[in-house]
Amino acid sequence: MRAPLVNFRRLQVATPWPLVWAVTLAFLLVRLAVLVVRFTVWSVRHWRAWPVVALVLVAVDVYQSRGWWPHLLVLGVLAAGVGLWWWRGRESFHRLVVLRLVTVWRRLWVYRRQWHEAMTLCGLVKKYDGGEKVPELLSVRCSYATDEVVLRMPRGQNPEAYHKAAHDLAYSFGTRHCRVFSGRRQAPPARSGRLAWLLRGVDAVRFRDRPRHVWLVFIRRDPLTRIVKPLPVPARPDFTALPLGLREDLAVYCLRLLATHVLIGGATRMGKGSVIWSLLRSLAAGIRSGLVRVWAIDPKGGMELAIGGPLFSRYVDDDWSRMADMLDDAVTRMRARQRVLRGKVRVHTPTVDEPLIVIVIDELATLLAFLPDSEIRNRITQALGVLLSQGAGLGVLVVAATQDPRKEVVTVRDYFPTRIALGLTERGHVDLLLGDGARDRGALADHIPLSAKGVAYVLLDGQPEPARVRFSYITDDLIREMAATFPAPPEVQPEPVEPPASAKPARSSGNGRHTYRPTPPKQAAPLLPPSLLNALDLDPANGGDPR
């Protein structure tokens with residue numbers, strides 16, 4: 001029998017049991033530490049449940065020692081306190097009690113219960129290593145009209161997948177609309193006081209950028225189906241936040257007008273007038289004080305803006321040349337202000353002496369594409385190009401409305417930083433007005449029905465996703481009342497002057513003197529010889545008229 005190639009018996013080593021037990025104990029201690037840390041993190045995240053747990057423990061102890069009657073007494077006192085709170089402070093009661101109960105109910109019953117199924121059927125679950133990576137539901141926050149759901153995407157996804165699945169998500173959770181936001185919707189609060197430095201540090205952690213978080217806003221009930229009443233007139237207009245209407249989450253929509261131009265696009269009878277008059281209403285106090293000067297151009301013959309004439313410092317609706325002159329005067333005013341502010345500031349601050357000039361044009365396409373006089377049309381196009389490219393920082397702003405946002409019609413469309421999309425007739429007009437991909441991100445302006453006049457999609461500061469708003473409806477009687485209450489101070493408006501006839505330069509006689517030579521009279525007939533006239537079949541006796 002041949003010996004084995006390797007003698008395993010000589011390689012046997014005695015088992016080091018102390019080392020094995022030490023490694024096992026260390027492993028168990030590490031696992032215990034991990035469990036303790038996870039439990040601590042879970043407890044901190046669910047700190048709101050601590051009072052409930054403590055209350056349950058106290059209730060059990062009291063029941064074992066005293067019976068049921070202390071519980072009945074406490075419930076009676078609580079019912080009386082809740083009723084008094086609801087009677088005297090209904091708003092805070094709804095915010096702190098009702099909405100929190102609704103949040104708990106919808107998080108557990110609507111979202112948590114069917115989360116895995118809905119994410120799988122909507123195609124948002126990733127397959128990896130024989131398992132599934134499901135988007136993690138982090139929090140749910142309910143308001144009167146919306147549910148804000150925050151989730152964490154699995155690796156390998158981006159927010160575009162949720163934009164594409166927005167409709168499926170909405171109907172999966174029992175709603176009709178779902179808005180997808182790739183960034184936090186609330187800005188960090190402004191802190192002041194002694195502990196401001198500490199609170200700012202907490203906010204820096206709490207509001208830090210989280211690229212893998214996605215905010216889904218489900219519209220539980222649509223508040224924009226009803227007409228929005230006119231908002232109060234601010235005592236002093238805040239040009240960075242002018243209240244114009246209502247958002248679908250019941251927040252007031254505020255427009256930043258300072259250092260920007262606004263383009264309003266929408267089909268006929270879809271509420272462009274609501275946007276213009278809501279803006280003028282928010283500026284009314286500044287118009288009366290002289291802080292704002294509104295120059296209005298209504299190419300439709302005054303059918304829209306003439307009713308509020310006293311609000312305007314300058315107004316034209318029936319003369320194309322005067323419209324061009326007004327825009328040229330705005331360019332002149334902008335140039336003069338530019339010479340004064342050059343090297344001092346980058347953004348003009350409105351004052352009574354140097355007011356904010358807002359040029360309102362009701363139908364921009366008429367001036368840029370459909371004006372019959374090409375010379376006046378070129379003047380208007382050039383003046384608007386200069387104003388739109390240079391006037392924002394100098395306090396000369398343009399607010400224009402149009403029915404057709406195509407570049408062939410509105411050639412200066414790209415110079416408007418702020419755009420509002422009302423109901424549009426074509427799908428492609430949405431991206432033309434709000435930018436490429438706006439419709440895929442939720443701006444369904446071509447689906448706005450005719451009954452929803454004044455409903456629009458806008459882009460909010462710091463958010464690439466469009467928001468849905470409805471502008472307040474201003475009646476004719478309210479416009480007349482507003483014009484009588486907030487008239488603009490008088491402004492000297494130059495009268496239209498006929499351009500002088502171009503005279504030919506005088507000829508010089510060579511000795512420094514100019515000799516006047518009158519222009520020869522216009523010939524009644526072409527200066528052609530009779531032979532050519534006969535060839536052209538013209539009669540010189542009749543002044544060159546055809547025979």
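May I ask you to verify whether V82 is open to solvent by 50 Å² or more (accessible area, probe 1.4 Å), hydrophobic (A, V, I, L, M, F, W, C) and assigned to a helix (DSSP H, G or I)?
yes
Name the single residue that is most open to solvent (accessible area, probe 1.4 Å) among those in the stretch 188-216 being assigned to a loop (DSSP other than H, G, I, E, B) and under 23 Å from N158 (Cα atoms).
In this case the residue turns out to be D209.
Failed condition for T240, given (1) under 30 Å from I287 (Cβ atoms); (2) polar (S, T, N, Q); (3) surrounded by 17 or more Cβ atoms within 10 Å (Cβ to Cβ), with all others met?
So T240 meets the others, but not (3).
Which is over 30 Å from V469 (Cβ atoms), assigned to a loop (DSSP other than H, G, I, E, B), among the charged types (D, E, K, R) and open to solvent by 40 Å² or more (accessible area, probe 1.4 Å), of R185, R155?
Just one listed residue meets the conditions, R155.
Does R112 satisfy the condition of being open to solvent by 90 Å² or more (accessible area, probe 1.4 Å), within 33 Å of the chain's Cα centre (by Cα), farther than 25 Å from A170 by Cβ and not hydroxyl-bearing (S, T, Y)?
Taking the combined requirement at face value, the residue does not satisfy it.
Does the stretch 224-236 include one or more residues that are part of a helix (DSSP H, G or I), hydroxyl-bearing (S, T, Y) and open to solvent by 20 Å² or more (accessible area, probe 1.4 Å)?
yes
Which of the residues belonging to the stretch 254-270 are under 14 Å from A421 (Cβ atoms), surrounded by 24 or more Cβ atoms within 10 Å (Cβ to Cβ) and touching a Phe, Trp or Tyr at 6+ places or on another chain (Cβ under 8 Å)?
Across the stretch 254-270, the qualifying residue is only L263.
Can V134 be described as under 20 Å from H213 (Cα atoms), free of Cβ contacts under 8 Å to residues at least 60 places away in the same chain and open to solvent by less than 20 Å² (accessible area, probe 1.4 Å)?
The answer is no for V134.
When the residues of the stretch 116-148 are filtered to those that are in a strand (DSSP E or B) and among the acidic types (D, E), which remaining residue is nearest to T175 (Cα to Cα)?
Per the stated criteria, the residue is D147.
The conditions are (1) modelled with pLDDT of 90 or more; (2) touching a strand residue (DSSP E or B) at 6+ places or on another chain (Cβ under 6 Å); (3) among the hydrophobic types (A, V, I, L, M, F, W, C), and A443 fails exactly one of them. Which is it?
So A443 meets the others, but not (1).
Of everything in the stretch 161-178 that's charged (D, E, K, R) and touching an Asp or Glu at 6+ places or on another chain (Cβ under 8 Å), which residue is surrounded by the most Cβ atoms within 10 Å (Cβ to Cβ)?
K164
Conditions tested, residue by residue: (1) in contact with a Phe, Trp or Tyr (Cβ under 8 Å, 6 or more places away or on another chain); (2) in contact (Cβ under 8 Å) with a residue 60 or more places away in the chain; (3) of a type outside the set (A, V, I, L, M, F, W, C).
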residue	(1), (2), (3)
W109	no, no, no
T120	no, no, yes
R141	no, no, yes
D147	yes, yes, yes
A161	no, no, no
T175	yes, no, yes
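Among the residues that make up the stretch 283-298, is at least one of them open to solvent by less than 10 Å² (accessible area, probe 1.4 Å), charged (D, E, K, R) and assigned to a loop (DSSP other than H, G, I, E, B)?
Checked against the condition, which is being open to solvent by less than 10 Å² (accessible area, probe 1.4 Å), charged (D, E, K, R) and assigned to a loop (DSSP other than H, G, I, E, B), the stretch 283-298 yields at least one hit.
The values are calculated or read from the model by the stated rules, or taken from the named source; none is laboratory data. All values reported here derive from a predicted model rather than from experimental measurement. Here Cβ is always computed from backbone atoms with ideal geometry, including for glycine, and neighbour counts include all displayed protein chains. The accessibility values were calculated without ligands, DNA or RNA, using every heavy atom of the protein model including side chains. Shrake-Rupley method; radii C 1.70, N 1.55, O 1.52, S 1.80 Å.
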